[in-house]
Structures are given as C-alpha cells and as structure tokens.
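Before any comments, here is the structure.
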Amino acid sequence: MHIFAIANQKGGVGKTTTSVNLAAALALQGQRTLLVDLDPQGNSTMGSGVDKGGLACSVYQVLVGLAGLRDARAPSPSGNFDVLPANRDLAGAEIELVELDRRESRLKEALAAHAGDYDFVLIDCPPSLSLLTLNGLCAAHGVIIPMQCEYYALEGLSDLVNTIKKVHANLNRDLKIIGLLRVMFDPRSTLSNQVSAQLEEHFGDKVFKTLVPRNVRLAEAPSYGMPGVVFDKAAKGAQAYLAFATEMIERVQNWKE
Ligand code: ADP
Ligand code: MG
C-alpha cells in the first residue's frame, strides 16, 4: 500500500482536483484506491459524488477515535474508488486532537489497520500546515505538491519543504517529496514556461513529467459530482491526469525493483 499526501499550504492550487482525478485515474487502471479527504470543506468528498451533508460517519470520527476506517469509508458512486469523507465536523477535530495522545499519528494508525485493502491511498490535505496536514504527512510515504507556474509559485514552498523535513526528522522517517506537479498550466504564457523551466532547473527529476493544462472541463466536473477523468475522459485535462496516474504507477514499480 503506497500512501501519498497531496499538500501545499496555499489554497486554490489544485490539491483537490489532483486528488480526485488521480484517485479516479488510478482506479481506471485497476488500482485499488482510497481517497482520504482531510479538508473540512469536503471538496474531495463532493467531487467524488459523496454527499458531505448526509454522512453518519466521516474522517472526523476516525481521527478522534470514535470509529474505524471500515465504518467511515464510502464507495464513490462516480469513480471506482473508496472515499474517507469529510465535512464541517472536521473543523472541530483540530481543537479536540490537541488533547489526545499520538495526535499526529491518528490517521496513520487508522490506515495501518487496513494495509491490505488498497494499492494506493491519496490524502487531500487542507490549505494550512495544521494538525490535520500533520496527520496526512505522518501517515504518508511521500508528498505530491501541485503548483501553478506563476510568479509567486516558489514563495511558501520553503515553508512546506521545512515542515516536511521536520516531520521526516521527528515523526515519519519514511516521508519524502515524491514530486512537484505543474497544474493549470498555460503553454501560451511566457511566464508559465519560464517558471516551469525554473522548477526543472531547481528540482530536477522531482518535477513530474506530466503537465496538467488549465482546462475548463476539470473545473466543471465537481458540480456533477464526478472526477474530470470520468466526466469527460477525452478532455485535455483528463488526459493529463490519466498520464499522471501512469507516471505514478511507473514510479512505484521502479521502487520495488
Ligand atoms: P485546492 O484544493 O488546492 O484549494 P482546487 O483543486 O480546489 O485547489 O482548485 C482550485 C480551483 O481551480 C477549483 O475551482 C478547480 O476547479 C480549479 N482547477 C483546478 N485545476 C484546474 C485545471 N487544471 N484547469 C482548470 N481549472 C482547475
Ligand atoms: Mg482543496
């Protein structure tokens, strides 16, 4: 079971779009996949077609120890993967977790009980470096960082990298940065191309080969409760996420050899 956190403390950079579409694309390639929604906004949950309003049990209950993964997970009706859903309840977890033992490793422990159930677990982190994100980083083997190729893209990246280093040193020796994923890319923009080249220069093969273009079909899909790769598989954005899933599967296979 390979566990990846999709993290970037900036909001609106494509974490949720990447999480939902990568989960669905991995599932389309036959990978048993779980998507964990760690954002109280519940966008991954809704984007997977699970109604966040009607949840008897969610990731909140799992984190505070009131339920196990078995009770809280739900199949996505639009994609062939499972979701550990989230809603506003999760906003309160932050405060409650502070009082609890092993507060950073709650998700890790919940997933460990189901190590045989999935090939891939993807964790959609909230836009902060909070205790929730810390739970994501503690549980993960690697971090996928989506970023837009814009002027301020690199600003804030060092905070995230430092947090990842601290988690690696103190809480999770397995954790590493898997890669930077360029998203909402505009190939006609000179700035996009410049920033993209800069990223390749600085981070080398930590930059994924796949480039996800800005594509309106990816933005429309969540309002139908569908991952973009299911909603319109032929669209350029969907094709990019399908290619990204192939790239991830290849990376994971290369580790084993
Ligand atoms: P985050 O989870 O980091 O806050 P989202 O994935 O929710 O970011 O993306 C922010 C907004 O940008 C959403 O409205 C989403 O639909 C849109 N978006 C994300 N990726 C793309 C893309 N490749 N092309 C067009 N719109 C996108
Ligand atoms: Mg999000």
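The values are calculated or read from the model by the stated rules, or taken from the named source; none is laboratory data. Being a predicted model, the structure only gives us computed values, none of them experimental. All Cβ positions, glycine included, derive from the backbone under ideal geometry; neighbour counts span all protein chains shown. Accessible surface is based on the protein model in full, side chains and every heavy atom, while ligands, DNA and RNA are left aside. Shrake-Rupley method; radii C 1.70, N 1.55, O 1.52, S 1.80 Å.
Which percent of the accessible heavy-atom area of the chain goes to carbon and sulfur, probe 1.4 angstrom? In the chain, the share of accessible area belonging to carbon and sulfur is 50 percent. Dividing the radius of gyration of the alpha carbons in the chain by their Kirkwood radius gives 0.94 for Rg/Rh. Electrostatic bookkeeping for residue 91 treats Lys and Arg as +1 and Asp and Glu as -1; over the other residues with beta carbon under 15 Å from its beta carbon, the sum is -3. Scanning the chain for chymotrypsin sites (Phe, Trp or Tyr not before Pro) in DSSP loops with at most 15 neighbouring Cβ atoms within 10 Å leaves 1-150 as the longest stretch between them. Helix screen, the chain: DSSP H segments with Cα axial length of 18 Å or more and mean Kyte-Doolittle hydropathy at least 0.0 are 15-28.
Per-residue 3J(HN,Hα) values for the stretch 172-180, derived from phi via the Karplus relation 6.51 cos²θ - 1.76 cosθ + 1.60 with θ = phi - 60°, read 8, 5, 6, 6, 8, 7, 7, x, 9 Hz in sequence order (x marks Gly and Pro). Largest first and in whole Å, the equivalent-ellipsoid semi-axes of the stretch 184-246 read 25, 13, 8, each the square root of five times a Cα gyration tensor eigenvalue.
Taking every DSSP beta bridge that has both ends in the chain, the antiparallel portion is near 5%. Other residues within the sphere of radius under 11 Å centred on the Cβ of residue 40, judged by their own Cβ, net out at -2 (K and R +1, D and E -1).
Return the aspartates and glutamates within reach of residue 10: Cα separation strictly under 16 angstrom, same-chain partners fewer than 8 residues apart disregarded; answer none if there are no such residues. List returned: 39, 124, 150, 155, 159. On the beta carbon distance between residue 88 and residue 114, with R0 = 25 Å, the FRET formula returns roughly 0.50.
Charge tally for residue 148 (other residues, Cβ to Cβ under 14 Å; Lys, Arg +1; Asp, Glu -1): +1. Bridge orientation summary for the stretch 27-130: considering DSSP beta bridges with both residues in this region, about 20 percent are antiparallel.
Over the stretch 120-205, Cα pairs under 8 Å with separation of 6+ residues give a relative contact order of 34 percent. Are there trypsin sites (Lys or Arg not before Pro) in the stretch 32-138 that DSSP marks as loop and that have at most 13 other Cβ atoms within 10 Å, and which are they? Passing both the DSSP loop test and the Cβ count: 88, 102.
If I model the stretch 141-257 as equal point scatterers sitting on the Cα atoms and use the Debye formula, what is log10 I(q)/I(0) at q = 0.20, 0.22 Å⁻¹? Debye intensities relative to I(0), on a log10 scale: -1.18, -1.26.
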